[in-house]
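Written out below as structure tokens is the structure these notes cover.
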Amino acid sequence: MVADGPGTPALDPVAAARAAGVDGGGLLLGWLVDRRPWIDSLGDRRALTYQPANALAEAARTGRVSYLPVRLASIPALLAGPLAPAVAVVTGVARGAGFAFADCVGYADSAARRAGAVVVQVADGPDLGGPAIEGPVAAVVDGGERALPPPDREGTPLDRRIAEAAAALVPEGATVQYGLGRLPEAVVRSLSVPVAVVSGLVTDALAHLADAGLLVGTAL
């Protein structure tokens with residue numbers, strides 16, 4: 001299992017698993033934002049992902065990564081059952097005598113607790129207060145990369161027209177959840193009524209909402 005989200009481990013997970021004593025089996029991948037060289041060198045290694053887009057889009061199109069049709073909310077249960085990982089490869093930062101997750105946690109904490117072995121790639125930079133990495137740490141490797149700044153997502157005229165139509169459907173006091181992408185951000189920027197935000201992933205559009213006096217309470 002490879003931790004997903006921004007700041008994905010940069011080391012080759014197949015080599016990391018082999019160094020931890022596991023040779024064979026498939027890879028469970030998730031939402032990978034950052035390009036990693038190992039994505040292009042998977043060979044015939046079976047790899048599954050619930051999000052065949054972003055950095056995995058080309059690998060999915062060419063059949064090197066297969067789509068796993070499950071909801072994100074189902075991943076922890078799968079990690080506790082049929083997809084229990086032999087090795088979890090995660091990115092972390094030093095904390096005391098141990099390690100903590102860096103910029104993104106996702107399902108990696110569930111995987112680390114259930115894995116037979118955990119490989120931590122350590123990234124430079126501050127401890128942002130993520131949960132401690134629990135599990136049998138078998139190897140610690142330097143060279144981890146922090147999450148890169150998100151790319152420019154300036155909406156197109158069509159994005160803005162769609163966003164305005166969608167924002168007009170949002171009633172005052174509604175709770176909004178949104179993710180990355182030009183269109184979701186354009187919708188949030190087009191809101192004209194106060195809303196609450198409960199979203200595990202937020203962007204600068206949230207700051208725009210707050211600056212406009214339209215954010216109700218604290219975003220979660």
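Within the set of other residues whose C-beta is less than 14 Å from the C-beta of A117, count the net charge using Lys and Arg as +1 and Asp and Glu as -1. Cβ neighbours under 14 Å give a net charge of +1. Annotation for D204 and A165: the two label points, set 7 Å from Cα along the Cα-Cβ direction, are 2.7 nm apart.
Taken one residue at a time, the phi angles of segment 65-73 give Karplus couplings (6.51, -1.76, 1.60, θ = phi - 60°) of 10, 9, 7, 9, x, 10, 6, 4, 5 Hz. Gly and Pro are set to x.
Could you state the number of Å between the C-alpha centres of segment 65-116 and segment 144-220? Computed from Cα coordinates, the inter-centre distance equals 28 Å. Helical content of the chain, expressed as a calculated mean residue ellipticity at 222 nm, amounts to -6000 deg cm²/dmol (DSSP H runs of 4 or more residues, -39,500 (n - 2.57) each, divided by residue number, nearest 500). Calculated FRET efficiency, R113 to R71, Cβ-Cβ distance, R0 = 22 Å: about 0.60 to the nearest 0.05.
Determine the shape class of segment 53-102: with a ≥ b ≥ c the square roots of the Cα gyration tensor eigenvalues, call it rounded for a/c under 1.5, and otherwise prolate if a/b is greater than b/c, oblate otherwise. Oblate is the answer for segment 53-102, as a/c is 1.5 or above yet b/c matches or exceeds a/b.
A P(r) calculated from all alpha carbon pairs of segment 110-218, with 5 Å bins opening at zero, reads 2, 10, 16, 16, 12, 10, 10, 10, 8, 4, 0 percent. In the chain, the longest principal axis of the Cα atoms and the axis of helix 157-167 are about 80 degrees apart.
Can you give the accessible area per residue of the chain, in Å², using a 1.4 Å probe?
Per-residue value: 50 Å².
In this structure, the amide hydrogen of R95, modeled 1.01 Å from its nitrogen in the peptide plane, lies closer than 5 angstrom to those of A100, counting only residues at least 5 positions away or on a different chain. Give the carbon-plus-sulfur fraction of the accessible surface of the chain in %, rounded to a whole number; probe 1.4 Å, heavy atoms of protein chains only. C and S atoms contribute 56 percent here. Wrap a convex hull around the Cα atoms of segment 114-176, take a quarter of its surface area, and give that in square nanometres. Quarter of the Cα hull surface area: 8.4 nm². Rounded to 0.05, the FRET efficiency of the T62 and E172 pair, given R0 = 45 Å and the Cβ-Cβ distance, is 0.45. For a label point 7 angstrom out from the Cα of A132 toward its Cβ, which stretches of segment 72-108 have the backbone nitrogen within less than 11 Å? Once the point is set 7 Å along Cα→Cβ of A132, 95-100 turn out to lie under 11 Å by backbone N, inside segment 72-108. Taking the DSSP beta bridges with both ends in the chain, the antiparallel portion is around 20 percent.
The values are calculated or read from the model by the stated rules, or taken from the named source; none is laboratory data. Everything numeric in this text was worked out from a predicted model, so none of it was measured. All Cβ positions, even for glycine, are placed from backbone atoms using ideal geometry, and neighbour counts span all protein chains on display. What goes into the accessible areas is simple: the full protein's heavy atoms, side chains included, and nothing from ligands, DNA or RNA. Shrake-Rupley method; radii C 1.70, N 1.55, O 1.52, S 1.80 Å.
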